[in-house]
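Here the structure is laid out as structure tokens; the discussion comes afterwards.
The values are calculated or read from the model by the stated rules, or taken from the named source; none is laboratory data. Remember, predicted model here, so these are calculated numbers, not experimental data. Here the Cβ positions follow ideal geometry from the backbone for every residue, glycine too, while neighbour counts run over all protein chains shown.
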Amino acid sequence: MKKSLLFLLTLSPIFMQAQITYPVTAKGNVSDNYHGTKVDDPYRWLEDDNSAETKAWVQAENKVTFDYLATLPERDKVHKRLEALWNYPRYSSPFKKGDYYYFFKNDGLQNQAVMYRQLGLEGKPEVFLDPNNLNKEGIAALGGTSFSKSGKYFAYSVAVAGSDWQEVFVMETATKKLLSDKVEWTKFSGYSWNADEGFYYSGYEKPDESSKLSKQNQFDKVFYHKMGTPQSEDVLIFEDKEHPLRYYGAGLTDDGRFLILNISEGTSGGEIRYRDMKDPSQQNFKLLIPGFSTDPDVIDNDGDFLLVKTNDGAPNYKVVKIDPKHPEKENWVTVIPEKKEALQSVGTGGGSLYADYLKDASSHVIQHQYDGKMVREVKLPGIGTVSAFGGEKKDLEFFYSYSSFNTPPSIYRYNATSGQSTLFRKTEVNINTADMITEQIFFTSKDGTKVPMFITYKKGMKRDGQNPVLIYGYGGFNIPVTPGFSISNAFFIEQGGIYAVVNLRGGSEYGEAWHKAGMLDKKQNVFDDLIGATEYLIKEKYTNNQKVAVRGGSNGGLLVGAVMTQRPDLFRVALPAVGVMDMLRFHRFTVGWGWAVEYGNADSASQFPFLYKYSPYHNLKPGINYPATLVTTADHDDRVVPAHSFKFAARLQEYHAGASPVLIRIDTNAGHGAGKPTSKQIDEATDIWTFTMHHLGMTYKEPAAKPLKGF
């Protein structure tokens with residue numbers, strides 16, 4: 001773009017309620033020919049996040065947005081209440097390594113949770129690692145963590161300003177001394193230790209500084225880092241020069257016997273290779289399971305055999321035992337057969353397997369022996385979600401977390417021998433969650449499919465069609481949306497809102513069949529499910545279309561973009577966050593190529609039509625009254641690059657014919673969401689809830705003078 005473009009970014013008044021003015025965004029003469037279809041892309045220039053023109057546009061848009069938000073009368077009250085609600089101690093489940101128990105704790109308003117350790121469960125906690133001190137600007141966050149086998153060393157990764165790029169550091173645990181070992185340019189990598197000698201990881205070549213947040217990532221490799229040596233001496237374990245667009249990850253089984261190589265071409269489908277570390281004659285990885293039509297996952301080894309979770313011939317997944325020397329499918333032995341419930345994961349600990357199933361989107365855990373014999377169904381506290389279920393083979397007890405929409409996370413101590421769960425630590429919050437009710441309802445989607453939805457509201461709610469509703473969904477990548485507590489959502493419920501979560505197709509709630517029903521050319525089912533859920537809530541007198549807000553992030557941001565363009569009449573407020581809005585070009589940036597197995601690829605003549613049909617950026621139309629919209633993104637988002645949101649917001653502002661504001665909020669020194677500091681979370685929640693409540697006609701209600709605690 002020419003420098004004169006900066007001049008075109010001056011503010012120009014257009015008709016808006018409350019006298020809002022938008023930046024006039026320059027339009028370029030850019031178009032592409034997709035298999036005979038001409039597609040205009042006038043805002044292509046916004047894809048260059050480093051240009052002076054784009055930076056000026058961001059500044060101009062943020063000024064409009066924050067000037068508008070500052071006029072909303074109850075913003076300060078909302079911020080004050082959210083800050084008070086957020087100010088409560090939050091703990092992770094503890095785990096044992098060596099003589100110490102480790103856990104994370106946030107006192108309340110700390111930007112990042114602090115890692116503590118203590119000798120025994122009754123010992124005095126001491127700070128082990130404080131991520132708030134990782135850099136002087138306070139914009140760093142802890143990524144992955146991994147202890148060496150004995151607990152002598154601790155590897156941890158650090159992400160700055162929300163980027164997916166991470167640096168790995170190593171600490172000597174006894175002294176908490178930071179060692180010279182450092183690894184750069186990793187992304188989505190684990191760190192698997194070979195005893196105390198070193199660790200395996202995956203990474204990329206050093207990227208170009210100017211395009212590191214947007215350029216397509218290619219040629220992932222697996223390395224081995226030996227302790228006490230520089231990264232330049234790390235040993236290349238695996239690379240594939242013929243397939244630049246693949247992910248690789250390597251990790252040892254619990255006893256160090258097998259080195260497992262996981263290979264994928266995207267977010268679905270995998271291949272597994274292995275190396276028997278006790279066989280000196282095996283110098284290269286051998287094929288265990290060919291790719292990429294199924295989703296295999298090695299759980300652990302049982303002596304000479306490997307235990308694998310797979311959906312091969314089992315859409316709801318099963319566990320099989322494979323002899324690596326004879327890995328053909330006809331030699332597999334089923335250890336845990338497929339059930340009608342969808343198997344999500346299999347944890348290990350104390351010599352047992354813990355199969356975590358979803359039953360209508362709620363956790364159910366069954367303990368098995370390694371030979372598959374059922375030990376017991378674990379009695380859980382209620383209908384909700386458990387996490388961190390498992391430990392090391394020597395652990396006969398461990399801790400897990402349980403929560404639900406109206407239940408803050410509670411930590412339980414599990415005895416693997418007796419099967420008893422005892423409450424270890426409960427969470428106390430400054431809001432009366434006992435006054436909140438969650439119910440699960442089922443509605444029929446457009447094609448006749450029965451779809452579940454959770455709704456949470458305050459006692460006494462009347463189905464008079466006048467309740468404000470926030471409806472949330474994700475619907476993709478085989479990821480389930482299960483019951484979980486959010487202090488931010490609890491605030492909306494406290495204010496009289498109904499929080500609705502839809503278990504859309506595309507997730508894993510009902511296994512691979514449910515996933516496949518919401519991917520590729522079936523993606524429209526996801527949008528139909530969300531639309532169907534909204535219509536159900538209106539029909540059943542929970543609300544009306546002037547009282548509904550729709551929210552989602554990432555793939556859920558795509559969801560919001562799609563439903564607000566297809567049914568602008570159905571929603572009063574739209575809140576698309578870090579969304580994939582340009583379905584024709586997403587694969588050209590960073591790791592977007594990995595999503596083609598889920599979405600499709602516009603370069604394919606057979607897949608272009610269905611992508612073009614729902615792509616939010618391309619389906620905005622002039623003269624339409626769209627919902628009041630607050631698009632949110634961040635300048636360091638290198639997962640879903642902010643250009644998606646930039647282009648969508650620019651065209652939305654051009655085409656929108658209504659009086660409601662359509663704005664974009666662009667966070668600085670932030671990324672896709674992981675590791676976002678508490679202060680930024682509160683600021684963002686303040687703006688989102690103030691905007692939402694204002695346009696749903698809600699008035700801020702002061703809570704009781706002495707809020708109840710506990711759950």
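Could you give every pair whose Cβ atoms fall below 8 Å, whose first residue belongs to region 338-350 and is among the charged types (D, E, K, R), and whose second residue is assigned to a strand (DSSP E or B), counting only separations of at least 6 or pairs across chains?
Listed by first residue and then by second, the contacts come to 338/318; 339/357; 341/357; 341/358; 341/359; 341/364.
Look at residue 278 and say whether it is under 20 Å from residue 192 (Cα atoms) and assigned to a loop (DSSP other than H, G, I, E, B). Steps first, answer last, please.
On the way: under 20 Å from residue 192 (Cα atoms): yes; assigned to a loop (DSSP other than H, G, I, E, B): yes.
Yes, satisfied.
Tell me yes or no: at least one residue of region 72-82 is modelled with pLDDT of 95 or more, surrounded by fewer than 19 Cβ atoms within 10 Å (Cβ to Cβ) and under 19 Å from residue 629 (Cβ atoms).
There is at least one residue in region 72-82 that is modelled with pLDDT of 95 or more, surrounded by fewer than 19 Cβ atoms within 10 Å (Cβ to Cβ) and under 19 Å from residue 629 (Cβ atoms).
Taking the condition at pLDDT 95 or above, in the same structural domain as residue 485 (by TED's automatic domain parsing) and either within 28 Å of the chain's Cα centre (by Cα) or not in a loop (DSSP other than H, G, I, E, B) (or both), does residue 412 pass?
Numbers: at pLDDT 95 or above: yes; in the same structural domain as residue 485 (by TED's automatic domain parsing): no; either within 28 Å of the chain's Cα centre (by Cα) or not in a loop (DSSP other than H, G, I, E, B) (or both): yes.
The answer is no for residue 412.
Pick from region 496-524 the residues that are basic (Lys, Arg) and outside any loop (DSSP other than H, G, I, E, B): which of them is farthest from residue 344 (Cα to Cα)? Spell out how you get there, then give the answer.
Within region 496-524, the first condition is being basic (Lys, Arg), and the residues that meet it are 505, 516, 522-523.
Now drop any that are not outside any loop (DSSP other than H, G, I, E, B), which leaves 516, 522.
Values: 516: 16, 522: 22 Å.
Once the filter is applied, the top-ranked residue is 522.
Examine region 374-382 for a residue that is surrounded by fewer than 20 Cβ atoms within 10 Å (Cβ to Cβ), part of a strand (DSSP E or B) and among the aliphatic types (A, V, I, L, M), and state whether such a residue exists.
The first filter runs over region 374-382 and keeps only residues surrounded by fewer than 20 Cβ atoms within 10 Å (Cβ to Cβ), leaving 374-377, 379-382.
Those left that are additionally part of a strand (DSSP E or B): 374-377.
Filter once more, so that each one left must be among the aliphatic types (A, V, I, L, M): 374-375.
Yes, because at least one residue in region 374-382 is surrounded by fewer than 20 Cβ atoms within 10 Å (Cβ to Cβ), part of a strand (DSSP E or B) and among the aliphatic types (A, V, I, L, M).
Take the residues of region 161-194 that are within 21 Å of residue 678 (Cβ to Cβ) and in contact (Cβ under 8 Å) with a residue 40 or more places away in the chain: which is surrounded by the most Cβ atoms within 10 Å (Cβ to Cβ)? Break it down into steps so the answer makes sense when it comes.
Our first condition is that a residue be within 21 Å of residue 678 (Cβ to Cβ); within region 161-194, this holds for 161-164, 166.
Subset that is in contact (Cβ under 8 Å) with a residue 40 or more places away in the chain: 161-164.
Details: 161: 22, 162: 26, 163: 24, 164: 20.
The selected residue is 162.
Consider residue 182 against the criteria (1) within 17 Å of residue 135 (Cβ to Cβ); (2) among the basic types (Lys, Arg); (3) assigned to a loop (DSSP other than H, G, I, E, B): it satisfies all of them except one. Which criterion is unmet?
Evaluating residue 182 over (1) within 17 Å of residue 135 (Cβ to Cβ); (2) among the basic types (Lys, Arg); (3) assigned to a loop (DSSP other than H, G, I, E, B) leaves (3) as the failure.
Taking only region 318-334 into account, find how many residues are over 15 Å from residue 304 (Cβ atoms) and either touching a Lys or Arg at 6+ places or on another chain (Cβ under 7 Å) or assigned to a loop (DSSP other than H, G, I, E, B) (or both).
Number satisfying all stated conditions: 3.
Can you tell me how many residues within region 26-56 are free of Cβ contacts under 8 Å to residues at least 40 places away in the same chain, in a helix (DSSP H, G or I) and small (Gly, Ala, Ser)?
Of the residues in region 26-56, 0 are free of Cβ contacts under 8 Å to residues at least 40 places away in the same chain, in a helix (DSSP H, G or I) and small (Gly, Ala, Ser).
Let me confirm something: among 188, 223, which residue is farther than 24 Å from residue 395 by Cβ and in a strand (DSSP E or B)? Explain how you work it out, then say what you get.
Working: 188 fails: in a strand (DSSP E or B).
That would be 223, the only listed residue that is farther than 24 Å from residue 395 by Cβ and in a strand (DSSP E or B).
Need the failing condition index for residue 59 against (1) touching a residue at least 40 places away in the same chain (Cβ under 8 Å); (2) surrounded by fewer than 19 Cβ atoms within 10 Å (Cβ to Cβ), just the number.
Result: residue 59 fails condition (1) only.
Does residue 459 satisfy the criteria of being in contact with a helix residue (DSSP H, G or I) (Cβ under 7 Å, 6 or more places away or on another chain) and surrounded by fewer than 21 Cβ atoms within 10 Å (Cβ to Cβ)? Write out each step before concluding.
Working: in contact with a helix residue (DSSP H, G or I) (Cβ under 7 Å, 6 or more places away or on another chain): yes; surrounded by fewer than 21 Cβ atoms within 10 Å (Cβ to Cβ): yes.
The answer is yes for residue 459.
Please indicate, with yes or no, whether at least one residue in region 344-364 is over 29 Å from the mean Cα position of the chain (by Cα), more than 30 Å from residue 99 (Cα to Cα) and either outside the structural domain of residue 439 (by TED's automatic domain parsing) or not in a strand (DSSP E or B) (or both). Spell out how you get there, then give the answer.
Taking region 344-364 first, the residues over 29 Å from the mean Cα position of the chain (by Cα) are 350-351.
Subset that is more than 30 Å from residue 99 (Cα to Cα): none.
Within region 344-364, none of the residues are over 29 Å from the mean Cα position of the chain (by Cα), more than 30 Å from residue 99 (Cα to Cα) and either outside the structural domain of residue 439 (by TED's automatic domain parsing) or not in a strand (DSSP E or B) (or both).
Could you tell me which residue of region 633-661 is farthest from residue 577 (Cα to Cα), considering only residues that are crowded, with 18+ Cβ neighbours inside 10 Å and without any contact (Cβ under 8 Å) to a residue 60 or more places away in the chain?
Per the criteria, the residue is 656.
Since residue 444 meets every condition but one in (1) touching a strand residue (DSSP E or B) at 6+ places or on another chain (Cβ under 8 Å); (2) at pLDDT 95 or above; (3) surrounded by 15 or more Cβ atoms within 10 Å (Cβ to Cβ), which condition does it not meet?
Among (1) touching a strand residue (DSSP E or B) at 6+ places or on another chain (Cβ under 8 Å); (2) at pLDDT 95 or above; (3) surrounded by 15 or more Cβ atoms within 10 Å (Cβ to Cβ), residue 444 violates only (3).
Which numbered condition in (1) crowded, with 18+ Cβ neighbours inside 10 Å; (2) modelled with pLDDT of 95 or more; (3) within 20 Å of residue 40 (Cβ to Cβ) is the only one that residue 577 fails?
Condition (3) is where residue 577 drops out.
For every residue, the table says whether it meets (1) outside the structural domain of residue 666 (by TED's automatic domain parsing); (2) among the aromatic types (Phe, Trp, Tyr).
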position	(1), (2)
59	no, no
70	no, no
101	yes, yes
106	yes, no
116	yes, yes
126	yes, no
130	yes, no
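Here is a yes/no grid of residues against (1) of a type outside the set (Lys, Arg); (2) in contact (Cβ under 8 Å) with a residue 24 or more places away in the chain; (3) assigned by TED's automatic domain parsing to the domain that holds residue 373; (4) surrounded by fewer than 20 Cβ atoms within 10 Å (Cβ to Cβ):
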| residue | (1), (2), (3), (4) |
| --- | --- |
| 252 | yes, yes, no, no |
| 263 | yes, yes, no, no |
| 269 | yes, yes, no, yes |
| 291 | yes, yes, no, yes |
| 297 | yes, yes, no, yes |
| 304 | yes, no, no, yes |
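Which residue is nearest to residue 261 (Cα to Cα), if the candidates are limited to region 221-233 and must be more than 31 Å from the chain's Cα centre (by Cα) and surrounded by 13 or more Cβ atoms within 10 Å (Cβ to Cβ)? Even if it seems obvious, please write down each step before you answer.
We begin by selecting, within region 221-233, every residue more than 31 Å from the chain's Cα centre (by Cα); these are 226-230, 232-233.
Checking which are surrounded by 13 or more Cβ atoms within 10 Å (Cβ to Cβ) leaves us with 226-227, 229.
On the way: 226: 19, 227: 21, 229: 24 Å.
Step by step, filter region 221-233, then rank; the result is 226.
Among (1) touching a residue at least 24 places away in the same chain (Cβ under 8 Å); (2) among the small types (Gly, Ala, Ser); (3) farther than 30 Å from residue 216 by Cα, which single condition is residue 70 missing?
Tallying (1) touching a residue at least 24 places away in the same chain (Cβ under 8 Å); (2) among the small types (Gly, Ala, Ser); (3) farther than 30 Å from residue 216 by Cα, residue 70 fails exactly one: (1).
Against the conditions (1) touching a Gly at 6+ places or on another chain (Cβ under 9 Å); (2) at pLDDT 95 or above; (3) closer than 24 Å to residue 148 by Cβ, where does residue 221 fall short? Just the number, please.
Checking residue 221 against (1) touching a Gly at 6+ places or on another chain (Cβ under 9 Å); (2) at pLDDT 95 or above; (3) closer than 24 Å to residue 148 by Cβ, the one that fails is (2).
Within region 507-524, how many residues turn out to be under 17 Å from residue 454 (Cα atoms), of a type outside the set (S, T, N, Q) and in contact (Cβ under 8 Å) with a residue 40 or more places away in the chain? Walk me through how you get there before you give the answer.
The initial filter retains those residues of region 507-524 that are under 17 Å from residue 454 (Cα atoms), namely 507-510.
Of the ones still in play, those that are also of a type outside the set (S, T, N, Q) are 507, 509-510.
Narrowing further to those that are in contact (Cβ under 8 Å) with a residue 40 or more places away in the chain: 509-510.
The total comes to 2.
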